[in-house]
Amino acid sequence: MKKINQLGINTICTHVGELKDEQFKGAVSPLYMSSSYQFYDVDVKRYPRYFNTPNQEALCKKIAALEKTEEALIFGSGMAAISTTMLAFLQKGDHVVLQETLYGGTYNFVVEEFDKFGIEYSFTKSLAIDDFKSEIKVNTKVIFIETPSNPLLKLVDIKAVADLAKENNIITMIDNTFASPINQTPVDFGIDVMIHSATKYMGGHSDILAGAVATSEVHIKRIWNLAKNFGGSLSDFTVWMLERSLKTMNLRVKCQSENALKMAQYLEQNPKIAKVYYPGLTSHEDHELAKTQMKAFGGMMSFELIDEIDAIQFQRNLQLIKPSMSLAGVESTVLSPSQTSHALLSPEERESQGIKDGLIRFSVGIEETEDLIADIEQALAK
């Protein structure tokens with residue numbers, strides 16, 4: 001068989017990291033549900049909290065292959081992955097630079113927890129590379145970015161951040177959830193650590209909760225050393241479900257990205273829509289940057305209705321598109337970030353990030369776009 005880095009993306013999704021059913025020759029990976037394994041006369045002492053059950057290890061190989069890294073780890077949630085990874089590289093007296101617009105859970109974790117650990121932090125005033133540079137201190141150990149950002153789809157110049165960090169001997173981390181490894185592989189631009197809410201595009205069916213980290217063998221050992229103490233491991237049934245889901249990730253994300261571009265173009269010309277945030281639109285301020293670092297523009301966007309239309313009532317009027325808390329499933333969903341993903345932020349903090357109460361985040365699914373358009377039209381008409 002070809003080396004992993006020579007395989008096509010669908011082949012990686014389908015075959016890398018799969019377990020062989022040696023007993024019954026089944027076509028899919030067998031599921032090992034045991035939480036207790038023999039400790040003597042074995043090569044590996046397996047224990048679920050140590051992230052080394054057969055299904056856990058196999059899934060990590062697939063995720064590492066997708067992100068083009070040496071190794072990966074999976075967690076019980078995206079926030080478990082983010083918090084464990086950050087704290088693995090930060091200690092008392094260290095400093096981290098974070099971009100101005102972040103997922104609300106990440107922002108909340110930093111501002112509520114870091115002071116307890118004596119960890120300093122700074123948020124950039126914009127996403128320009130000079131703002132990252134100006135926030136670096138002698139004790140800066142990590143730069144954390146999220147691109148495209150949640151929920152306004154702002155972009156960061158990944159290569160510029162990676163180059164800046166290397167010049168200053170700083171570890172770089174990226175939340176790559178919105179793009180997924182299908183549309184963006186940050187390691188190609190020099191980023192050290194890739195983090196995902198695997199609940200989203202990796203899971204893709206709105207039925208599991210998981211997180212993932214992909215990076216070098218050296219960095220994974222450091223993250224694992226803390227992760228085994230924090231206990232954020234994933235049940236093997238969920239691991240098996242996630243491995244199943246990853247097999248179709250490229251097919252799903254490709255369709256969602258194509259649909260999202262069509263929907264963004266439709267929304268932009270609709271007179272009842274005040275503004276659309278989608279990097280695939282030529283009107284998006286980061287469109288040219290998106291073309292250099294994304295293979296496609298993803299299935300996520302946000303939009304604002306004109307003032308005369310109530311955002312919540314509009315969502316109540318939808319019949320096909322589901323008002324729902326999460327994103328990236330095969331079904332299209334919408335939500336109000338001010339009441340969900342960014343509800344933990346104060347109104348002033350949301351305003352500083354440009355998140356208005358009328359903003360709607362739109363996760364585009366795999367349905368026919370003409371059906372999605374018809375649903376939006378009838379909801380607006382009401």
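The values are calculated or read from the model by the stated rules, or taken from the named source; none is laboratory data. This is a predicted model, so every value here is computed, not measured. Methodologically, a virtual Cβ is constructed for each residue, glycine included, from the backbone with ideal geometry; neighbour enumeration extends over all protein chains shown.
Looking only at residues in the stretch 293-312 that are touching a residue at least 40 places away in the same chain (Cβ under 8 Å) and not in a loop (DSSP other than H, G, I, E, B), which one is nearest to the chain's Cα centre (by Cα)?
Ranking the qualifying residues of the stretch 293-312, first place goes to MET300.
Just wondering, is there one or more residues in the stretch 235-255 that are buried (at least 18 other Cβ atoms within 10 Å of the Cβ), free of Cβ contacts under 8 Å to residues at least 60 places away in the same chain and more than 24 Å from ILE74 (Cα to Cα)?
Within the stretch 235-255, none of the residues are buried (at least 18 other Cβ atoms within 10 Å of the Cβ), free of Cβ contacts under 8 Å to residues at least 60 places away in the same chain and more than 24 Å from ILE74 (Cα to Cα).
Tally the residues that are out of contact with any helix residue (DSSP H, G or I) (no Cβ under 9 Å at 6 or more places or on another chain) and among the hydroxyl-bearing types (Ser, Thr, Tyr), restricting the search to the stretch 205-243.
Residues flagged as out of contact with any helix residue (DSSP H, G or I) (no Cβ under 9 Å at 6 or more places or on another chain) and among the hydroxyl-bearing types (Ser, Thr, Tyr) within the stretch 205-243 amount to 3.
Could you check the stretch 7-38 and list, in sequence order, the residues that are over 23 Å from the mean Cα position of the chain (by Cα) and among the β-branched types (Val, Ile, Thr)?
Listed by number, the list holds a single entry, VAL28.
Anything in the stretch 178-205 that is polar (S, T, N, Q) and closer than 19 Å to ILE220 by Cα? List them, or say none. So that I can check it myself, show each step before the final result.
Step one: of the stretch 178-205, the residues polar (S, T, N, Q) are 180, 183-185, 197, 199.
Residues satisfying the conditions are THR185, SER197.
In this structure, is PHE314 modelled with pLDDT of 95 or more, surrounded by 22 or more Cβ atoms within 10 Å (Cβ to Cβ) and either farther than 19 Å from ASN150 by Cβ or not charged (D, E, K, R) (or both)?
So PHE314 fails the test.
On the given criteria, is TYR40 surrounded by 10 or more Cβ atoms within 10 Å (Cβ to Cβ), over 19 Å from ASP188 (Cα atoms) and hydroxyl-bearing (Ser, Thr, Tyr)?
Working: surrounded by 10 or more Cβ atoms within 10 Å (Cβ to Cβ): no; over 19 Å from ASP188 (Cα atoms): yes; hydroxyl-bearing (Ser, Thr, Tyr): yes.
Taking the combined requirement at face value, the residue does not satisfy it.
Please enumerate the residues belonging to the stretch 199-218 that are surrounded by 22 or more Cβ atoms within 10 Å (Cβ to Cβ) and within 15 Å of THR69 (Cβ to Cβ).
Matches in the stretch 199-218: MET202, ALA212, VAL213, ALA214, THR215.
Looking only at residues that are out of contact with any His (no Cβ under 9 Å at 6 or more places or on another chain) and among the β-branched types (Val, Ile, Thr) in the stretch 70-87, which one is surrounded by the most Cβ atoms within 10 Å (Cβ to Cβ)?
ILE74
Taking helices (runs of 4 or more DSSP H) that fall entirely within the stretch 1-100, which contain at least 2 residues that are more than 30 Å from GLU349 (Cβ to Cβ)?
Values: elements: 9-15, 54-67, 78-89.
Result: 9-15, 54-67.
Check the stretch 101-115 and report whether any residue there is assigned to a loop (DSSP other than H, G, I, E, B), modelled with pLDDT of 95 or more and either surrounded by fewer than 19 Cβ atoms within 10 Å (Cβ to Cβ) or not charged (D, E, K, R) (or both). Steps first, please.
First, the residues of the stretch 101-115 that are assigned to a loop (DSSP other than H, G, I, E, B): 101-103.
From what is left, the residues that are modelled with pLDDT of 95 or more are none.
No, that holds for no residue.
Of all residues being out of contact with any helix residue (DSSP H, G or I) (no Cβ under 7 Å at 6 or more places or on another chain), in contact (Cβ under 8 Å) with a residue 24 or more places away in the chain and of a type in the set (Val, Ile, Thr) in the stretch 116-150, which is surrounded by the fewest Cβ atoms within 10 Å (Cβ to Cβ)? Just the residue, please.
Among those residues, the one meeting the criterion is ILE136.
Of (1) assigned to a loop (DSSP other than H, G, I, E, B); (2) touching a helix residue (DSSP H, G or I) at 6+ places or on another chain (Cβ under 6 Å); (3) surrounded by fewer than 21 Cβ atoms within 10 Å (Cβ to Cβ); (4) touching a residue at least 60 places away in the same chain (Cβ under 8 Å), GLY354 satisfies all except one. Which?
So the condition that GLY354 fails would be (2).
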